[in-house]
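The values are calculated or read from the model by the stated rules, or taken from the named source; none is laboratory data. For clarity, every value in this text was computed on a predicted model and none was experimentally measured. Every residue, glycine as well, gets a Cβ built from its backbone with ideal geometry; the counts of neighbours run over all protein chains shown.
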Amino acid sequence: MSSAARVDIAIDAQGVARRFGARWVLRGVNLQVRPGEMVGLLGANGSGKSTLLRILATLLKPSAGGALVYGHDVVKRPDDVRRHIGFLAHSPGLYDDLTARENLQFAASMLGLERPDLDAALDRVGLSHVRDERVRGFSAGMQRRLSLARLVLANARVLLLDEPYSNLDVAGIALMNELIGESVAGGGAALVVLHELAPAAGLLDRTITIREGRIADDDDDAFLEPEALAAAGER
Amino acid sequence: MAWRDDWRRVRAIVWKDLTTEGRSKAGFNSVAALGVTILVLFGFALGPDAQALRDAAAGALWLAVLFAGVLAFNRSYQVELESGALEPLLLYPGARWTIFAGKLLANCIFVGLMLVIVVLVGIVLFQVRVPAAWPQLIGVLALGSIGLVSLGTFYAAMASRSRAREVLLPLLLFPMLVPVLLAAMSASKALLTGDLMHEASAWMRMLVAYDVIFVVAPLLAFEHVIEV
């Protein structure tokens, strides 16, 4: 894909396909997400949602097709793509023997941040009271919040979130929505893999359903009423 | 400045690896214990003959470092794999060779500390007289360790994606290490026995050449082996 094209589109995937061995998990996905948009990615287990997200995050290469993130090709210019994305995976990806603050310090150093405000990031996710405690003793929800603090530090333009609400309590869900909302309102974009629509109901601009590696439904421009969201969740 | 960012990333990985290792302690204790155990077993196997012990000291030392080192190399990616931190590590923007360089430096420090213990135990157990050319001997230990650690760190990254990584790493690593170990053992033995044939410097030059190759090639290839 041309890296000069479509910088006005945050995510532009064209014919993305991926196979593992003989099994095709994605079979030609076309998808566009514009700046200022939050898109929910729905589908049954094994439908290819997480694979698509990992390809967009440059963690996997597509077997066919390609994708651009703000005009940067995920295969040819992965490092440029990584400068724009914030990826939240299933596992928190933290170091158990480092404290919460040390985990963020490491992330800040790897991100090349000169003077990161680690305490502000920890305060933002409600972990300032345990900042000097090792992550080993954290609950799953606290680890999720710390992963979120890492996203706050990265201040990415494109959020790729894989089931971001898992392990979060009500306050955590509200915090997640607040951070996504701020990013999207500031011109960023978010593509969020969801199993339940309810936690993100007030934020989603549209939903895309993947079935057996293909886009089964893209309700572009649909106004998402609660009834429509419930119906999308049942698909 | 790109080099400054790269150096910051290298330092961050060294700090992270050594801090996590220092706090868990299990890694260093087990690696050092294995190294010492191998030396003790060699000592028993060779019997009380002081000359036989001295002749075998260099070989026993490097074998202890080799086997203990394999444990250390496997551990260097285990922390990332256990906590799912490898993916975030790969997603940070910037050159990926810095990840290898950071892990290489951390492993050099780790193996260096283990080497101090193993050498001290070896001197006592094998009744080795410290040679006059001890600075050169330290040079040989350093050069041999760098080659061993660089290849070990590289192949540990390659094997880290495999479920059978503990088995795969020695299979990949040992054949590649033959030239380094041969040169390191020969140079060490020559220096411990007075270097009568003046062969130590030739082996050391060979070690330098191997180290250059075995550090530069993995730095260049790391991005491809760590690719998902």
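Some values worked out for this structure:
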| quantity | calculated |
| --- | --- |
| Residue count for the stretch B:69-127, restricted to those that are within 30 Å of A:Ala57 (Cα to Cα), within 13 Å of the chain's Cα centre (by Cα) and not polar (S, T, N, Q) | 6 |
| Residue check for A:Leu53: within 12 Å of chain B (Cβ to nearest Cβ), in contact (Cβ under 8 Å) with a residue 60 or more places away in the chain, on the phi < 0 side of the Ramachandran plot and not in a strand (DSSP E or B) | yes |
| Given (1) among the basic types (Lys, Arg); (2) surrounded by 20 or more Cβ atoms within 10 Å (Cβ to Cβ); (3) more than 10 Å from every other protein chain (Cβ to nearest Cβ), index of the condition B:Arg54 fails | (2) |
| Residue among A:Gly36, A:Gly46 that is farther than 23 Å from B:Leu91 by Cβ and under 15 Å from the mean Cα position of the chain (by Cα) | A:Gly36 |
| Unique residue being of a type in the set (A, V, I, L, M) and farther than 30 Å from A:Ser109 by Cβ when the list is B:Ala12, B:Ala45 | B:Ala45 |
| Selected residue [in contact with a Pro (Cβ under 9 Å, 6 or more places away or on another chain) and buried (at least 19 other Cβ atoms within 10 Å of the Cβ)] from B:Val79, B:Val31, B:Val70, B:Val14 | B:Val70 |
| Matching residues in the stretch B:14-40 - criterion: being within 8 Å of chain A (Cβ to nearest Cβ), out of contact with any Phe, Trp or Tyr (no Cβ under 6 Å at 6 or more places or on another chain) and not hydroxyl-bearing (Ser, Thr, Tyr) | B:Trp15, B:Arg23 |
| Selected residue [touching a Leu at 6+ places or on another chain (Cβ under 8 Å) and at pLDDT 95 or above] from A:Leu127, A:Leu113 | A:Leu127 |
| Verdict on B:Leu113 being surrounded by fewer than 18 Cβ atoms within 10 Å (Cβ to Cβ), in contact with a helix residue (DSSP H, G or I) (Cβ under 9 Å, 6 or more places away or on another chain) and within 28 Å of B:Leu220 (Cα to Cα) | yes |
| One residue from B:Leu66, B:Leu18, B:Leu71 being of a type in the set (A, V, I, L, M), free of Cβ contacts under 8 Å to residues at least 60 places away in the same chain, touching a helix residue (DSSP H, G or I) at 6+ places or on another chain (Cβ under 8 Å) and part of a helix (DSSP H, G or I) | B:Leu71 |
| Residue, nearest to the chain's Cα centre (by Cα), within the stretch A:56-67, restricted to residues that are within 14 Å of chain B (Cβ to nearest Cβ) and among the small types (Gly, Ala, Ser) | A:Ala57 |
| Tabulated pairs, the stretch A:82-111, first closer than 18 Å to B:Arg23 by Cα, second among the charged types (D, E, K, R) and in a loop (DSSP other than H, G, I, E, B), C-beta under 7 angstrom, 6+ apart or interchain | A:Thr99/A:Arg131; A:Thr99/A:Asp132; A:Thr99/A:Glu133; A:Ala100/A:Arg131; A:Ala100/A:Glu133; A:Arg101/A:Arg131; A:Arg101/A:Asp132 |
| Single unsatisfied condition, A:Thr99 versus (1) at pLDDT below 95; (2) within 12 Å of chain B (Cβ to nearest Cβ) | (1) |
| Residue match in the stretch B:88-103 (condition: more than 29 Å from A:Arg77 (Cβ to Cβ), in contact (Cβ under 8 Å) with a residue 12 or more places away in the chain and either surrounded by fewer than 18 Cβ atoms within 10 Å (Cβ to Cβ) or not aromatic (Phe, Trp, Tyr) (or both)) | no |
| Filtered residues of the stretch A:75-96 (kept if assigned to a loop (DSSP other than H, G, I, E, B) and within 12 Å of chain B (Cβ to nearest Cβ)) | A:Val75, A:Arg77, A:Arg83, A:His84, A:Ala89, A:His90, A:Ser91, A:Pro92, A:Gly93, A:Leu94, A:Tyr95, A:Asp96 |
| Pairs, first away from chain A (no Cβ under 14 Å) in the stretch B:212-228, second in a helix (DSSP H, G or I) and hydroxyl-bearing (Ser, Thr, Tyr), C-beta under 6 Å, six or more apart | B:Phe214/B:Ser150; B:Val215/B:Ser150; B:Pro218/B:Ser150 |
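Okay, residues lined up against (1) surrounded by 18 or more Cβ atoms within 10 Å (Cβ to Cβ); (2) assigned to a helix (DSSP H, G or I); (3) of a type outside the set (Lys, Arg):
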site: B:Phe174; (1), (2), (3): no, yes, yes
site: B:Val180; (1), (2), (3): yes, yes, yes
site: B:Ser186; (1), (2), (3): yes, yes, yes
site: B:Arg205; (1), (2), (3): no, yes, no
site: B:Ala209; (1), (2), (3): no, yes, yes
site: B:Val216; (1), (2), (3): no, yes, yes
site: B:Ala221; (1), (2), (3): no, yes, yes
